[in-house]
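Trainee: One structure is given below, represented as structure tokens, and several questions about it will come after.
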Amino acid sequence: MILVVGGAGYIGSHVVKELVETEEVVVLDNLSTGHREAVDSRAIFVKGDLGNVDDVLMVFRSYPIKAVMHFAAYSLVGESVMDPLKYYQNNVASTITLLKVMMKFKVKKFIFSSTAATYGIPDVKLIDETSATTPINPYGRSKLMVEQILGDLAASDGLKYVVLRYFNAAGAHASARIGESHDPETHLIPIVLQQLLGKREKISVFGADYDTPDGTCIRDYIHVTDLAHAHILALQALVAGKKSTEVYNLGNGHGYSVKEVIETCEKVTGVKANVEIADRRAGDPARLVASADKIFSELGWKAERNLEKIIADAWKWHRNQEY
Ligand code: UFG
């Protein structure tokens, strides 16, 4: 049985939907940002908090867990700057609680959600896994700290793990039954689609004076279903003993500017956006684009869904949003 911590969240719920096809799954989630409705009905759901050791022990005592996928984290850069202890408490301290219980029950296979924010402001065009990790905010640091802890546990206790560093996760399940639903929403694609649906008055582009071709920031958007597939492959590689301590980027290798994203949303939906140019948002690097060559050559994974597909699926979800 696979334990998915944070399986009611945006990315976790999409992975659970794939995972239940082949595995028995138990989800542990405190529903602080996740949605109970997002958890596939074939998975067992336990409401509990990673920071509460009794909740975690109860799950390990009740189910024969063979591996853990960990999605339960706060992930807003700006909030992490305002309230760093919230991030270190939840993203680092609670993860230590989980790892302690895993070691106690001799569960030694772990898939960890990390982030492009571990790279900070990179000075390379395509970021690969050997690029310097110098995060510039508490969120990125909290994820990098856990990556380092995993390395130490591999040496001391034989933990086997795969770290997946996501670039900009976006899109929704093709069924439109699950998708991205944050409150408040801060991410570009949902904000644009909400505006096109009339739920927002305008879209603010945070800075048009960056050193990029059209002056707006460039990001590497990756479909959440492609992300989910990478988790399945990583788990299979760990279970088969083919991989033991790996870090992989998950991106498309193509960057799109904020303006290009808005234009693509207009094209896919046929609706005109109301856009204003606003000040830069603190902490935004001009360009973050992944090289995902490593996971392609080692696990055969590559992103299969382009920006238009990401936006088309997100649009279906937003028009029909269930939670
Ligand atoms: N943007 C706007 N207007 C908006 C929202 C976003 O112009 O209303 C811009 C941002 O300034 C940025 C781009 O759109 O240039 C993408 O912004 P998102 O907030 O969608 O995503 P980020 O790139 O800021 O964040 C993502 C992940 C984080 C991760 C970070 C790494 O969501 O978890 O990448 O830098 F930490």
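The values are calculated or read from the model by the stated rules, or taken from the named source; none is laboratory data. These numbers come from a predicted model, not from an experiment. Backbone-built Cβ (ideal geometry, glycine too); neighbour counts: all protein chains shown. Protein only, heavy atoms only, side chains kept; ligands, DNA and RNA dropped before computing areas. Shrake-Rupley method; radii C 1.70, N 1.55, O 1.52, S 1.80 Å.
Trainee: Roughly how far apart, in whole Å, are the Cα centres of the stretch 116-160 and the stretch 260-317?
Mentor: Between the Cα centre of the stretch 116-160 and that of the stretch 260-317, the gap is 23 Å.
Trainee: Could I ask something else about it? How big is D, in µm² s⁻¹, for the chain by Stokes-Einstein at 37 °C and 0.692 mPa s if Rh is the Kirkwood radius over C-alpha pairs?
Mentor: For the chosen part, D equals 165 µm²/s.
Trainee: Per-residue ellipticity at 222 nm for the chain, helices alone: DSSP H runs ≥ 4 residues times -39500 (n - 2.57), over residue total, nearest 500 deg cm²/dmol?
Mentor: After summing the helix terms and dividing by residue count, I get -11000 deg cm²/dmol.
Trainee: Working from Cα positions, state the angle (0 to 90°, nearest 10) between the long axis of helix 10-19 and the longest principal axis of the chain.
Mentor: 60 degrees
Trainee: Over the chain, what is the mean sequence separation of C-alpha contacts under 8 Å (at least six apart), divided by residue count, expressed as relative contact order in percent?
Mentor: That works out to 19 percent.
Trainee: Given springs between every Cα pair under 10 Å in a Gaussian network model of the chain, which of 12, 151, 253 has the largest fluctuation?
Mentor: 151
Trainee: Okay, next question. Taking all protein chains together and a probe of 1.4 Å, list 199, 17 from the most accessible to the least accessible.
Mentor: If we order 199, 17 from most to least accessible, we get 199, 17.
Trainee: Give me the accessible area of residue 264, 1.4 Å probe, in Å² rounded to the nearest 10.
Mentor: Number for this one is 20 Å².
Trainee: Rank these by accessible area, largest first, 1.4 Å probe: 266, 276, 201.
Mentor: 201, 276, 266
Trainee: Given the pairs 242/309; 100/143; 86/259; 66/302; 17/109; 125/202, which span a C-alpha to C-alpha distance of over 22 angstrom in this model?
Mentor: In this structure, 242/309; 86/259; 66/302; 125/202 lie more than 22 Å apart at Cα.
Trainee: Looking at the stretch 1-50, which GluC sites (Glu not before Pro) are DSSP coil and have at most 15 other C-beta atoms within 10 Å of their C-beta?
Mentor: In loop regions of the stretch 1-50 (DSSP not H, G, I, E or B), the sparsely surrounded GluC sites (Glu not before Pro) are 21, 24.
Trainee: Here's another thing I want to ask about it. Please work out whether the stretch 83-151 counts as rounded, prolate or oblate from its C-alpha gyration tensor, where a ≥ b ≥ c are the square roots of the eigenvalues and a/c under 1.5 means rounded, while otherwise a/b larger than b/c means prolate and anything else oblate?
Mentor: Note, shape of the stretch 83-151 comes out oblate.
Trainee: Right, something else. Net charge within 12 Å of residue 89 by Cβ-Cβ distance, Lys/Arg positive one each and Asp/Glu negative one each, not counting residue 89 itself?
Mentor: It works out to a net charge of -1.
Trainee: Using a cut-off of 13 Å between beta-carbons, work out the net charge of the residues near residue 186 (Lys and Arg +1, Asp and Glu -1, residue 186 not included).
Mentor: Cβ neighbours under 13 Å give a net charge of -3.
Trainee: Moving on to the next point. Among the trypsin sites (Lys or Arg not before Pro) within the stretch 44-150, which fall in a DSSP loop and have no more than 11 other Cβ atoms within 10 Å of their own Cβ?
Mentor: Those that pass, being in a loop and sparsely packed, are 106, 125.
Trainee: Can you tell which of 49, 211, 128 shows the greatest fluctuation in a Gaussian network model of the chain with Cα springs below 10 Å?
Mentor: Fluctuation is largest for 211.
Trainee: Can you give the % of DSSP beta bridges in the chain that are antiparallel, to the nearest 5?
Mentor: Expressed as a percentage, antiparallel bridges in the chain total about 5.
Trainee: Further question on the same structure: For the chain, set up a Gaussian network in which alpha carbons nearer than 10 Å are linked by springs, and say which option among 155, 312, 170 fluctuates the most.
Mentor: Among 155, 312, 170, the largest GNM mean-square fluctuation belongs to 155.
Trainee: Carbon and sulfur together cover what percent of the accessible area of the stretch 36-113 at a 1.4 Å probe radius?
Mentor: 54 percent
Trainee: To the nearest 10 degrees, how steep is helix 258-269 against the longest Cα principal axis of the chain, on a 0 to 90 scale?
Mentor: Result, in degrees: 90.
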